[in-house]
Number of protein chains: 2
Amino acid sequence: MSTPAITATTTLADLGEFGLIAELARRFAQGEHVLIGPGDDAAVVAVPTGRVVVSTDVLVEGRHFRRDWAEAEDIGHRVAAANLSDLNAMGGVATALTIGLAAPPDLPAVWALGLADGIADEAALVGASVVGGDLTSADQVVVAVTVLGYVDGEPVRRSGAQPGDVLALAGRQGWAAGGLAVLGRGFRSPRKLVDAYRRPEPPYDAGPQARMAGATAMIDVSDGLVADVGHLAAASGVAIDITTSAFELAEPLQAVGAALGADPMRFILGGGDDHPLAATFPAGTALPDGWVAIGTVAQGEGVTVDGATYEGPAGHTHF
Amino acid sequence: MSTPAITATTTLADLGEFGLIAELARRFAQGEHVLIGPGDDAAVVAVPTGRVVVSTDVLVEGRHFRRDWAEAEDIGHRVAAANLSDLNAMGGVATALTIGLAAPPDLPAVWALGLADGIADEAALVGASVVGGDLTSADQVVVAVTVLGYVDGEPVRRSGAQPGDVLALAGRQGWAAGGLAVLGRGFRSPRKLVDAYRRPEPPYDAGPQARMAGATAMIDVSDGLVADVGHLAAASGVAIDITTSAFELAEPLQAVGAALGADPMRFILGGGDDHPLAATFPAGTALPDGWVAIGTVAQGEGVTVDGATYEGPAGHTHF
C-alpha cells in the first residue's frame, strides 16, 4: 500500500494521526532491549538489573526552542540529549524513549518527521530506541520525552558529596549559552557555538565511568553550572567552591565574549543546555578520561566561585 | 522553614518552579517499588520481572479536558486513568508514573496541586506512585503522563485474536460519551453520566484477570468501541462482529438518549473515555467476573455491528 508523497506543504492535518504514526514507526529502529515496540497499548523493554531508571523532560516551542533558530532534526537531537543526559547523570545506560508530541494541525509534517529523526538519531548514539508515544493537537508545539534505562550497579545520586571531595566536570560547558547569546543578537557565528546550542554533545560515557571511578554525587548541568552544582550541594548538605582558573577558555568563547562585550566566564558559570556532568569524587581519585577537577567540597552550604558569592545571572527557572 | 500560604489567587508564577516542586513532592507518597523517588536527575523503580511495560499519554486543555467542565482533581483522575488503563490492557500492574506539566504562569497554583492530587489518588488505586516529572511554562495546559509497570507472565497484545474467539468487554462503556454530550449542551445531569465523564472508573483488575484466563488479545477502549475493536481486529488480521443485544442499556444512558433525541447505543459504539477493556478469548473460556461477551471473531477483516457495517460516528482522531 503506498502513501501519498509528503511534501514541504503537507501538514499534520493532511497526513492524519494514523498516517503520521505509520511514518514515525518506519523511522524507529528497535534495539536489542525492546521486547514489544510501538503499536500496542504499551511497550515492553528488558531491564537486566530489575531496576528501571526513568526521567521525563518537557520542551515547549518559544521557551526551549525556536523553529527559526534550528532545524527540526537539531531540535530532536536537543530534546533527546536533555533527557538522555539525566540517565547519564545517574551513571546509567538508556535503553528506550517514549515521545509525547502535542502540535498544531497546520504544523508541516516534515517538521514532525525531522524532529522524530533527530530524537531517534540521538537515542541511537547510546543504543536506545523510541518504543512508543502519543500524538495530539495543541496550539503550540510541546514535546515530552521520557527515557528508561538501567544502572549496572548503584545509581549515583545528587546527595552523596562529602567534605574533602573534589568537584569535577565532564563535557563542554558555556558553549550553548554563547550560541544562544549570539542567536539572540541576530547573528549566526561563531558557528561552533551556534552549533553547540543547536545540537549539544553530552558526554554519554562519562556518567557510567564516573560511577565506576567512585563518584559520590553527580548531576546533569542543564540550567547553569552554579545553579546545578547548587542543587548537588543542597542535596548533599555541603558547601562547594568552583575554581574559575580550572577552565580553559576555548577560542570561540573568547571570541563571542569580545564581540558581545561580555565576560565569557559568565557563559560557563551561568549557561545551560550543554549537558555536561558535574560530579564529586573522594580526594585522590584518579579522574576518568574527560573529567577535569573544577572545585572543592567543604562543610557548610551553598556554592561560591573562587571563594566569593557568585553575582552572575542565576540559573534558568520556569514560571 | 515555612512557605507562604497558598490561596485561590496564588499563581504558578507566585509560587515559583521550586516552590511548586516542593508542594508536589509532599503530596506524592512513594510505594514499595520505588527505590529512588522525586528529586534526583532520574527515579529508580523495581521491576521484579526484569521487563518494564511503559506507555505515554498527552492530554491538552481544550482538547481532552476543559477547566470549566471538571475540577482539577477530576482531571487528574482522568489523566492518570487514561494512562494506567494502557497497562491494564497489557494484563499488567502499574508501579510508577512520571508527569510532565506545561502550564501558563498565571495558572492558579491550587489547580496544579489539585491536578497532582487527582493523579496521585488514581495511581494509588493500583498501588502506583508518582516518581518524577518536569514542569515548564507554556501558553496552554498540557499534561504528559508516562506509566511504568510490569506483567506477571506474558503481556497480552492486540495481535493475538483468532477466528472463533469470543469478544468480551469489562467495564462501563458509553457513560463518559453520554456525560460529554450532556455537558456539551450546557446541562449537568444525569449526574451519573457527567461524573463518569469527569472521573472514569477503569476496571483495573480486569486486565490481569483476562490475561490469566487466557485472553488472546486485548485493548483499552479510549477512542470508541468500534474504533478500538477495529485496531485489535487489524492487528490480529481478523474480522470482528459486535452484537448490540449483548449490552444492557443502563438507565442513565436511556435517559440521556431520550433527552437528546439520540440512540443511546451510539454512545456505546462510538464513545470513548470510559476506559473499559475489550479482549478476545478462545471459545468456551469461562470469562472472569466482570467480563461480558459482546461479539465474535471470524476470518476476514474489519468490524461489523450486528453483521452490518457501522454507520455511526467514527472514533476520535487527532489532527
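Numerical summary
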{"item": "For chain B, built as a Gaussian network whose Cα springs stay under 10 Å, the top-fluctuating residue of B:147, B:156, B:292", "result": "B:292"}
{"item": "222 nm mean residue ellipticity, helices alone, for chain A (DSSP H n ≥ 4; -39,500 (n - 2.57); rounded to 500)", "result": "-9500 deg cm²/dmol"}
{"item": "Label geometry 7 Å along the beta-carbon vector: residue B:214 inter-copy distances in nm", "result": "5.9"}
{"item": "Over region B:160-319, relative contact order from alpha-carbon pairs under 8 Å, at least 6 apart, %", "result": "43 percent"}
{"item": "Nearest-first distances (nm) between copies at residue A:260, label 7 Å from Cα via Cβ", "result": "5.5"}
{"item": "For region B:112-194: relative contact order, % (alpha-carbon pairs under 8 angstrom, 6 or more apart)", "result": "14 percent"}
{"item": "Added length on full extension, which subtracts the Cα-Cα distance from 0.36 nm per residue, residue B:292 to residue B:29", "result": "91.1 nm"}
{"item": "Cα coordinate range in the protein assembly as shown, projected on the principal axes (Å, largest first)", "result": "79, 55, 44"}
{"item": "Overall form of chain B per C-alpha gyration tensor (a/c, 1.5; a/b vs b/c)", "result": "oblate"}
{"item": "Two-decimal log10 I(q)/I(0) for region B:15-97, as the Debye equation yields it once each C-alpha is a single scatterer, q = 0.27 Å⁻¹", "result": "-1.30"}
{"item": "Prolate/oblate/rounded label for region B:126-227 (Cα gyration tensor, a/c 1.5)", "result": "oblate"}
{"item": "Stretch gain in nm, segment residue B:10-residue B:67, where the contour uses 0.36 nm per residue and the Cα spacing is subtracted", "result": "18.8 nm"}
{"item": "Kirkwood hydrodynamic radius of region B:166-309, from inverse mean 1/r over distinct Cα pairs, in Å", "result": "15.3 Å"}
{"item": "Exam field: residue B:5 pseudo-label spacings to other copies (7 Å along Cα-Cβ), nanometres", "result": "6.7"}
{"item": "Gyration tensor (alpha-carbon) shape descriptor, region B:266-309, a/c threshold 1.5", "result": "oblate"}
{"item": "Extension gain, residue A:244 back to residue A:205 (0.36 nm per residue minus Cα-Cα distance, nm)", "result": "11.6 nm"}
{"item": "Residue A:301 versus residue A:188: modelled label distance in nm, points set 7 Å from Cα along the beta carbon direction", "result": "4.9 nm"}
{"item": "Inter-label distance for residue A:259 and residue A:121, nm, one decimal - labels placed 7 Å from Cα along Cα-to-Cβ", "result": "2.4 nm"}
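Throughout, read-outs are computed from the coordinates displayed, never taken from laboratory work. Quick caveat, the model's predicted, so the values are computed rather than measured. Please note: Cβ atoms are built from the backbone with ideal geometry, for glycine as well, and neighbour counts cover all protein chains shown.
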